[in-house]
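Okay, structure first, notes after.
The values are calculated or read from the model by the stated rules, or taken from the named source; none is laboratory data. Remember, predicted model here, so these are calculated numbers, not experimental data. Glycine also receives a Cβ, built like all others from the backbone with ideal geometry; neighbour counts cover every protein chain displayed.
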């Protein structure tokens with residue numbers, strides 16, 4: 001199993017990771033795109049709200065770890081229940097692992113019981129490169145003023161084993177809770193782990 005994972009993934013946590021396109025404390029890169037339901041999604045539209053960006057590849061074992069255990073859905077539900085906007089983004093290029101069309105993306109969200117606000121396809125990798133997304137999952141939390149407050153891993157257990165979720169420290173939930181309480185995010189940047197984002201060449 002482990003050899004199979006290594007053959008098709010890049011363990012970003014074990015590599016030298018370039019800085020994100022936007023650093024914590026800086027304005028989050030602006031975008032205005034359509035989601036898989038045809039609705040417009042933009043950072044400007046959600047000014048005044050906390051926004052979470054989740055880079056997704058449904059075929060990645062690290063993504064399946066969190067969705068298979070219900071961990072990602074629970075975090076989505078927790079966040080959106082508190083008024084947080086959650087945008088799931090798939091930057092997989094056509095023909096590469098995890099790439100979906102709109103119909104398959106809508107079905108995937110239904111199948112896993114996703115609670116995101118919207119699912120966005122980014123096959124040209126425009127959003128991914130804009131944010132410097134390297135992994136799936138790679139998480140970004142934007143504060144109500146439109147500044148990047150956190151970027152990096154979902155938690156501190158860089159494995160594909162669902163059992164590790166039980167003892168993991170969840171950085172994304174910490175960031176959300178801090179922002180909701182009007183506090184500064186204590187850990188604003190970590191090294192994302194998972195599969196490499198499957199950008200077009």
Looking at segment 119-141, is at least one residue buried (at least 20 other Cβ atoms within 10 Å of the Cβ), more than 19 Å from residue 60 (Cα to Cα), in contact with a helix residue (DSSP H, G or I) (Cβ under 8 Å, 6 or more places away or on another chain) and in contact (Cβ under 8 Å) with a residue 24 or more places away in the chain?
yes
Qualifying positions in segment 61-91 - in a loop (DSSP other than H, G, I, E, B) and under 13 Å from the mean Cα position of the chain (by Cα)
91
For segment 90-101, does any single residue satisfy the condition of being more than 23 Å from residue 156 (Cα to Cα), out of contact with any helix residue (DSSP H, G or I) (no Cβ under 9 Å at 6 or more places or on another chain) and without any contact (Cβ under 8 Å) to a residue 24 or more places away in the chain?
yes
All but one of (1) on the phi > 0 side of the Ramachandran plot; (2) surrounded by fewer than 16 Cβ atoms within 10 Å (Cβ to Cβ) hold for residue 146; which doesn't?
(2)
Checked 150, 193 against criteria (touching a residue at least 60 places away in the same chain (Cβ under 8 Å) and in a loop (DSSP other than H, G, I, E, B)); the one match is 193
Out of (1) buried (at least 18 other Cβ atoms within 10 Å of the Cβ); (2) in contact with a strand residue (DSSP E or B) (Cβ under 7 Å, 6 or more places away or on another chain); (3) at pLDDT 95 or above, the odd one out for residue 43 is which?
(3)
Only one of these conditions is not met by residue 133: (1) closer than 19 Å to residue 37 by Cα; (2) assigned to a loop (DSSP other than H, G, I, E, B). Which number is it?
(1)
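Please enumerate the residues belonging to segment 166-186 that are assigned to a loop (DSSP other than H, G, I, E, B), surrounded by 15 or more Cβ atoms within 10 Å (Cβ to Cβ) and touching a helix residue (DSSP H, G or I) at 6+ places or on another chain (Cβ under 8 Å). Give the derivation first.
In the first step, residues of segment 166-186 are kept if they are assigned to a loop (DSSP other than H, G, I, E, B); the result is 168-169, 181-186.
This time we only want the ones that are surrounded by 15 or more Cβ atoms within 10 Å (Cβ to Cβ), so: 168, 185.
Within segment 166-186, 185 is the sole residue that qualifies.
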State yes or no: is residue 100 in contact with a strand residue (DSSP E or B) (Cβ under 9 Å, 6 or more places away or on another chain) and either surrounded by fewer than 16 Cβ atoms within 10 Å (Cβ to Cβ) or in a loop (DSSP other than H, G, I, E, B) (or both)?
yes
Quick one: what pairs do we get from segment 16-32, first residue within 11 Å of residue 43 (Cβ to Cβ), second modelled with pLDDT under 95, C-beta under 7 Å, 6+ apart or different chains?
28/22; 28/43; 29/21; 29/22; 30/43; 30/44; 31/43
